[in-house]
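What follows is one structure encoded as structure tokens, with my remarks underneath.
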Amino acid sequence: MSQDVGGEFKRCFLEAEEDLNLVLKLLKDEDANQFTSSIGYHCQQAIEKFLKAFLIYNQKEFKRTHALNLLEISARRLILILQILILVN
């Protein structure tokens, strides 16, 4: 993995962890129902960044987007390819 790819992966992964940790912290708050929009937003952000980190780590090109369904399709295709490679080898 090149330094550029490694750096981009690390950035995406750490940002995703930050979003997830914020969600978990907000959910523990006794007034969590006041933060539903923020919780939803940061859940979406965490999922998006984890999917992008997965694709970047595996050096899979993908369209830069915020659409989770498109990122999921790319990730599922990559997983299928990896599963086939495992079966072939």
### Message
Please compute the contact order of the chain in relative form: average sequence separation of alpha-carbon pairs under 8 Å and at least six residues apart, divided by the residue count, as a percent.
### Response
32 percent
### Task
Report which label in (1) 37, 30, 19; (2) 52, 26, 23; (3) 41, 27, 21 holds the value of Cα extents along the principal axes in Å derived from the coordinates of this structure.
(2)
### Query
So what's the net charge close to residue 21: Lys and Arg +1, Asp and Glu -1, counting the other residues with Cβ under 12 Å from its Cβ?
-2
### Message
Loop-only GluC sites (Glu not before Pro) in the stretch 2-36, please: DSSP not H, G, I, E or B, and at most 10 other Cβ atoms within 10 Å.
### Response
30
### Message
For the chain, set up a GNM with springs between Cα atoms under 10 Å and report which of 59, 44, 34 has the largest fluctuation.
### Response
34
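No lab work stands behind these numbers, since they all come straight from the coordinates. Quick caveat, the model's predicted, so the values are computed rather than measured. Positions of Cβ are generated from backbone atoms using ideal geometry, with glycine treated the same way; all protein chains shown enter the neighbour counts.
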